[in-house]
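A short write-up of the structure that comes next.
Rule-based calculations on the coordinates, nothing more; no lab input. Owing to the predicted nature of the structure, the values given are computational and were not obtained by experimental measurement. Note: ideal-geometry Cβ built from the backbone for every residue, glycine included; neighbour counts use all protein chains shown.
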Amino acid sequence: MRLIATGLIWAALCGMLYAENKGKPKKKEPPVIEEMKKPVASQQQAFSEALAETLYEEPKPMKEADPNVRFGKIYDVINDPEVTAVADNRPMAYEFKYFNYGAITKQDLKNRRGHYFVINWKNAGPSEDLVLRFDYRQERSREKINTLEIPTPSAQGNLRGMFSVRGEAYEKLGKVNSWRVTVLRKGQIVAQKQSFIW
């Protein structure tokens, strides 16, 4: 009898909460680069397209930094259980689950093994077309510089970009040793941040 009464009370509370929230507008989320809105499983094609090596061209040098374009935190995660020990570290275990979401076979897991970079940046100025560019060197690539780019049309507010070096590129050449992130406006450097050993 108590179980039935508890179930009825629970159903009534859920109904009231649903009715209360039904008319409210949804919270506005900060604009996010299109690749980040897709789940990791569907990002595989976008990542493999971004992984296609582009010829490295030095962008036009920065005349003056734009104070409206700034970088926030830049996170990097090595999604490789042989390199990164999880042990009892729950946040690290979550990172593995996040980047491996949707992987079913051993081959899927192997293809997702790699070095991931999440770049938070901001354009406090007017909405404009910008390009987020990621230049990097790997352990075994010596001085060869590889480049990945994410075009960001109508970039304004808080933004996030994700780059990954994974699959065959990661297996052959190893993790990223040094990197440089650049925001370009019509080929001109607007903002730049780099690792200590770049």
Amide hydrogen neighbours beyond the local backbone of Asp80, cut-off 5 Å, H modeled: Gly114
On the principal axes of its Cα set, how long, how wide and how thick is segment 62-190? Give whole Å, largest value first. 45, 33, 24
Arrange Phe99, Phe71, Phe163 by Cβ neighbour counts within 10 Å, fewest through most, would you? Phe71, Phe99, Phe163
How many nm is it between the label spots at Asp108 and Arg185, if each spot is 7 Å from the Cα in line with the beta carbon? 4.3 nm
For Val181, Val77, Val165, what's the fewest-to-most ordering of other Cβ within 10 Å of each Cβ? Val77, Val181, Val165
Nonlocal amide H pairs with Thr152, under 5 Å, H built at 1.01 Å: Leu130, Val131, Leu132
For Asn177, the residues 5 or more places away or on another chain with a placed amide H closer than 5 Å to its own amide H are Arg137, Gln138, Glu139
In the structure shown, do any of Lys106/Lys172; Lys144/Lys193; Lys110/Lys186; Lys106/Lys175 have a Cα-Cα gap over 26 Å, and if so which? Lys110/Lys186
Per-residue Cβ contact counts at 10 Å, fewest first, order Arg112, Arg140 as Arg140, Arg112
